[in-house]
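The next block holds one structure in the form of structure tokens; read it before the comments.
The values are calculated or read from the model by the stated rules, or taken from the named source; none is laboratory data. Please read these numbers as outputs of a predicted model, since none were measured by experiment. Don't worry about glycine lacking a Cβ; one is built from the backbone with ideal geometry, like all the others, and counts go over all protein chains shown. Calculation scope for accessible area: heavy atoms of the full protein, side chains included, ligands and nucleic acids excluded. Shrake-Rupley method; radii C 1.70, N 1.55, O 1.52, S 1.80 Å.
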Amino acid sequence: MTKTAPGVRMTFMIIGIPKEIHPGEKRVAFIPPSVDRLVKKGAQIIIETGLGASIGISDEEYKKAGASAEKNRQSLLTCADIILRLRKPPIDEVPLFKKGVIHISFLDPFNEKDLVQALAQNQTSAFSMEMIPRTTRAQKMDALSSQANLAGYVTVILAAERLPKIFPMLMTPAGTIAPARVFIIGAGVAGLQAIATAKRLGARVEAFDTRAVVKEQVQSLGAKFVEIDLGETGQTAQGYAKALTPEQLEKQRQGMARVCAQSDVIITTAQLFGRAAPVVLTQSMIAQMKPGTIIVDMAVESGGNVEGSKLNEEVVTANGVRILGMGNLPGRVAVHASQVYSTNLHNLLEEYWDKDSKAFKINLEDEIIKAALVTHGGQIINEMVKGK
């Protein structure tokens with residue numbers, strides 16, 4: 001029997017990967033190259049039949065990589081020592097899990113209190129991929145960033161498709177066409193990718209963020225950084241923007257109103273980790289915008305940055321502004337979203353893989369595990385989640 005240090009648990013790894021059942025979800029948690037990597041390390045991997053069908057991957061491709069397929073979802077969930085998925089599990093599936101199973105997925109733990117409690121009661125060791133810290137060592141596992149990066153790209157494509165103008169400047173015999181003006185609010189991972197994509201399409205891009213530290217990154221992508229004096233702001237230790245006071249939010253809105261009125265496309269990306277998204281575009285600001293302006297609210301799933309945005313709907317205002325509130329933006333590029341998420345998962349597993357026992361090792365003192373492990377040993381152990 002392998003000896004382990006205090007706080008370390010060894011688990012023989014049978015990895016089960018069920019299909020995603022959330023309506024409209026095309027992404028998958030694991031793809032064959034990731035299966036191959038873990039099988040070569042001694043893992044036994046069982047997929048639910050049809051796991052990759054939504055992105056054109058057959059069961060045969062998984063089998064060639066070393067996995068086996070199981071038609072019965074309940075049998076799969078019951079036998080697995082580790083369960084990998086993308087979306088949070090339905091609460092009624094939790095009792096099917098083995099006691100002590102390791103479950104890794106997005107969990108939305110601040111809003112899913114009943115689910116988190118059920119996982120704890122079932123003695124599930126539940127990892128939340130949202131909670132992977134933004135550190136150099138954890139970067140290869142950071143699924144929140146990898147999905148946000150793709151979402152930033154998608155927002156620009158959605159806007160370009162709907163805008164009744166082209167993005168680039170063109171000089172033609174019939175005259176010069178001015179470039180579209182794009183305003184990105186928030187320069188995190190998604191915002192920076194939106195800036196880069198809009199610039200590649202030839203738009204004139206401006207961006208704003210409450211964190212002055214990102215100004216250089218914005219400018220390095222060829223965009224103009226909009227300066228608004230909000231007083232003391234900053235970012236958290238994880239690199240997220242801190243919440244503004246009501247007074248600061250009002251100053252921000254006033255400063256952005258002029259830029260918004262001149263813009264053809266506005267993309268809002270402002271989100272607060274574990275909290276509802278702030279409203280940064282009000283109805284009065286929208287009323288000053290030009291007819292045909294496109295607004296994409298990336299934060300619609302967490303409350304929305306735009307007054308009047310609705311999840312999975314396009315809203316046309318009285319003055320002809322179109323507000324896009326599309327959810328699951330990474331799912332619109334499901335092949336690559338699945339690729340990067342699968343890589344994030346297998347990087348997490350490989351980081352704590354014990355080659356001698358061919359098992360996943362949970363070290364409760366490790367900084368990444370301490371950040372991402374929400375429930376363990378029958379309790380909610382994550383300090384951030386316990387504090388909510």
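Key figures for this structure:
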| read-out | value |
| --- | --- |
| Angle between the chain longest axis and helix 246-262 axis [Cα atoms, degrees, rounded to 10] | 60 degrees |
| Square roots of five times the Cα gyration tensor eigenvalues for the chain, Å | 41, 23, 18 |
| Residue-count net charge about D108 - beta-carbon cut-off 11 Å; Lys, Arg +1, Asp, Glu -1 | 0 |
| Charge dipole magnitude, Cβ of K and R +1, D and E -1 - the range 284-341, Cα centre, debye nearest 20 | 160 debye |
| Near-label residues of the range 181-224 by backbone N, under 20 Å of a point 7 Å along Cα→Cβ of M169 | 181-184, 195-207, 219-224 |
| Protection-proxy order for peptides 354-360, 206-212, each taking the mean of Cβ atoms within 10 Å per residue, highest first | 206-212, 354-360 |
| Size of electric dipole in the chain: Cβ of Lys, Arg +1 and of Asp, Glu -1, about Cα centre, debye, nearest 20 | 460 debye |
| Share of alpha-carbon pairs per 10 Å distance bin for the range 143-200, given as whole % | 23, 45, 22, 8, 1 |
| Estimated FRET transfer efficiency (S68, V315; beta-carbon r; R0 51 Å; 0.05) | 0.60 |
| For peptides 16-25, 287-296, sequence by mean Cβ density within 10 Å, most packed first | 287-296, 16-25 |
| Cα-projected label distance for K224 with E247, points at 7 Å along beta-carbon direction, nm | 3.0 nm |
| Amide H within-cut-off set for E70, under 5 Å, with H built and near neighbours excluded | I47, E48, T49 |
| Acute angle (nearest 10 degrees) that the helix 189-200 long axis makes with the longest principal axis of the chain, alpha-carbon atoms | 50 degrees |
| Signed unit charges on C-beta, dipole axis of the range 273-388, positive-most listed residue Y341, Q379, V280 | V280 |
| DSSP-defined beta bridges in the chain - what % are antiparallel, rounded to 5 | 35 percent |
| Ordering of 132-144, 215-227 by packing [mean C-beta count within 10 Å, highest first] | 132-144, 215-227 |
| Computed lengthening from S357 to V213, 0.36 nm per intervening residue step minus Cα-Cα distance | 47.3 nm |
| Among I184, I286, I267: highest mean-square fluctuation, GNM of the chain, C-alpha pairs under 10 Å | I286 |
| Cα gyration tensor shape for the range 1-121, rounded if a/c is under 1.5, else prolate or oblate | oblate |
| Inter-site label distance for E383 and T135 at 7 Å from Cα along Cβ, in nm | 1.3 nm |
| Options A120, F110, L144, ranked by Cα towards positive dipole end of the range 86-244, top entry (Cβ charges) | L144 |
| Between 0 and 90°, nearest 10: helix 143-162 axis offset from the chain longest Cα axis | 40 degrees |
| Solvent-accessible ranking of F273, F97, largest area first, probe 1.4 Å | F273, F97 |
| Surrounding net charge for R137, when Lys and Arg each add one and Asp and Glu each subtract one, Cβ distance under 9 Å | -1 |
| Cα-centred dipole magnitude for the range 253-388, charges only on beta-carbon of K, R (+1) and D, E (-1), debye, nearest 20 | 440 debye |
| Prolate/oblate/rounded label for the range 251-329 (Cα gyration tensor, a/c 1.5) | oblate |
| Expected 222 nm ellipticity per residue - DSSP helices of 4 or more, -39500 (n - 2.57), all of the chain, to 500 | -9000 deg cm²/dmol |
| Heavy-atom accessible surface of the chain: percent carbon and sulfur, 1.4 Å | 52 percent |
| Rounded, prolate or oblate (a/c below 1.5 giving rounded, otherwise prolate when a/b exceeds b/c) for the range 188-339 by Cα gyration tensor | rounded |
| Environment charge at A29 (Cβ cut-off 13 Å; Lys +1, Arg +1, Asp -1, Glu -1) | +3 |
